[in-house]
1. Scanning for something over 22 Å from the mean Cα position of the chain (by Cα), modelled with pLDDT of 85 or more and not in a loop (DSSP other than H, G, I, E, B), does segment 83-104 turn up at least one residue?
2. Among the residues of segment 174-218, write down those that are among the aromatic types (Phe, Trp, Tyr), free of Cβ contacts under 8 Å to residues at least 60 places away in the same chain and in a helix (DSSP H, G or I).
3. For residues in segment 26-42 being of a type outside the set (S, T, N, Q) and over 24 Å from the mean Cα position of the chain (by Cα), which is surrounded by the most Cβ atoms within 10 Å (Cβ to Cβ)?
4. Hey, SER148 hits all of (1) farther than 27 Å from GLU70 by Cα; (2) free of Cβ contacts under 8 Å to residues at least 24 places away in the same chain; (3) among the polar types (S, T, N, Q) but one; which does it fall short on?
5. Please verify whether ALA159 is touching a residue at least 24 places away in the same chain (Cβ under 8 Å) and either part of a helix (DSSP H, G or I) or in the same structural domain as SER31 (by TED's automatic domain parsing) (or both), treating the condition exactly as stated.
6. Evaluate the following for ASP175: is it more than 18 Å from ASP218 (Cα to Cα) and surrounded by fewer than 21 Cβ atoms within 10 Å (Cβ to Cβ)?
7. Would you please name the residue that is nearest to ALA122 (Cα to Cα), looking only at residues in segment 162-173 that are part of a helix (DSSP H, G or I) and of a type in the set (D, E, K, R)?
8. For LEU129, state whether it is crowded, with 20+ Cβ neighbours inside 10 Å and either under 15 Å from the mean Cα position of the chain (by Cα) or at pLDDT 60 or above (or both).
Amino acid sequence: MFLPMATTDLSAKSGAATRQSILAAAFDLFSESGLHSTSLDAIARKAGVTRPLVIHHYRNKTALLLAVLEEQGRKGLSPWNPTSRDLPEHLDEIDLDSPEYAGVGLEDAIAIIESLVGLSQAQRPLVRLAHLCALESGPASATAVQWSRMRHARVRRLAAAAAEHSIKAGTVRRDIDPAEVGVFVVTAFEGLENQWLVDEAFDMQRGMHEMLALLWRDVRATDVGARPATA
């Protein structure tokens, strides 16, 4: 009587293991050869499965790329409590409109953003993959571009919302435009990331720390001190 349930559980576990094998193979091959030079047949061979099975789980290369970016983006992250300085489980899942984020000021947001930059630095193959895919043409490239835009948009909104909260709290000058703070942070993030992709020895996290220290020095209210060094 219990065999069908046991069989279903085993099948689900087998399916999950197959998807993980496909994602790992796709990530390696996309990173090495790019999108256009990587075929579904090559991914299937590396994963030890058949091409129809790859298509069964991911209908095309675009869907597979999106799954790879999302899976790799989640790796190594822990649940995020906005009142602490822990990392989010997944940046795309942060609900910045939720009331629980209303208390995140610019100082806390800066610490979180510095941690996210450190995470990107630890995920060089993923960041490189997204940049390489964005340079190619076709639907998969558009997916990579959209993924990168969403990633940067979250950081921009986090910085802008935090700046607005800090203005109301009196720790940031009232003449500061929160939207411009968000643009500054994302511009710095993207520029430093590009430099780091060209020169792996470049310390992107240190560069971001220095940029954000300059930002805080410029926007903080006159009676608020400098941020303590964190990098």
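The values are calculated or read from the model by the stated rules, or taken from the named source; none is laboratory data. All of these numbers come straight from a predicted model, not from anything done at the bench. Positions of Cβ are backbone-derived with ideal geometry, glycine not excepted, and every protein chain shown enters the neighbour counts.
1. No; the residues of segment 83-104 include none that is over 22 Å from the mean Cα position of the chain (by Cα), modelled with pLDDT of 85 or more and not in a loop (DSSP other than H, G, I, E, B).
2. The one that is among the aromatic types (Phe, Trp, Tyr), free of Cβ contacts under 8 Å to residues at least 60 places away in the same chain and in a helix (DSSP H, G or I): PHE184.
3. Of everything passing the filter in segment 26-42, LEU40 is surrounded by the most Cβ atoms within 10 Å (Cβ to Cβ).
4. (1)
5. So ALA159 fits the description; yes.
6. no
7. Among those that are part of a helix (DSSP H, G or I) and of a type in the set (D, E, K, R), it is GLU164.
8. Criteria met by LEU129.
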